[in-house]
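Beneath this line is the structure, given in structure tokens, with notes to follow.
Throughout, read-outs are computed from the coordinates displayed, never taken from laboratory work. Given the structure is predicted, the values throughout are model-derived calculations rather than measurements. Cβ placement follows ideal geometry from the backbone for every residue including glycine, while neighbour counts extend to all protein chains displayed.
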Amino acid sequence: MPSAPATPPGPPPGGSVIHLHDRRRPPTITVSNVPPTGGSTAYEPDEHSPQHPLTDLAHTLEALYLEEDRTLTDPATRQAFEIAMRATALMLEGALAEGHLTAEQHSTLNGMIDGMRSAPTLL
């Protein structure tokens with residue numbers, strides 16, 4: 001007889017956000033990606049910096065793939081990932097056309113998908 005799940009189905013405790021940061025490996029800090037110190041200008045990480053949200057997302061996605069013994073640096077996996085991103089964008093187009101999303105919501109979600117699409121190039 002199957003046992004009950006350890007956690008009940010539904011939103012995770014503390015809200016409806018699934019935190020993925022616990023699923024990824026911590027970034028490796030090297031001399032090339034340590035923020036500069038001193039000076040009067042504020043440090044603004046570029047998209048290849050470990051402090052940039054897109055880089056953090058890329059490492060989170062890669063960790064999810066690594067759990068399945070896959071990597072987004074593999075050309076076949078990367079191609080499958082891009083197909084999934086195109087399918088997701090197509091779904092958003094349909095949701096917009098059917099009135100399930102406002103133009104603003106569609107734009108926001110589409111921007112998130114575009115950020116995810118860049119993940120393989122940031123690894």
- prompt: Sorted by packing (mean other beta-carbon atoms within 10 Å per residue), highest first, where do 56-66, 78-88, 113-123, 98-108 land?
  reply: 56-66, 113-123, 78-88, 98-108
- line: Across the alpha-carbon set of the stretch 56-123, Rg over Rh with Rh taken as the Kirkwood radius works out to 1.05
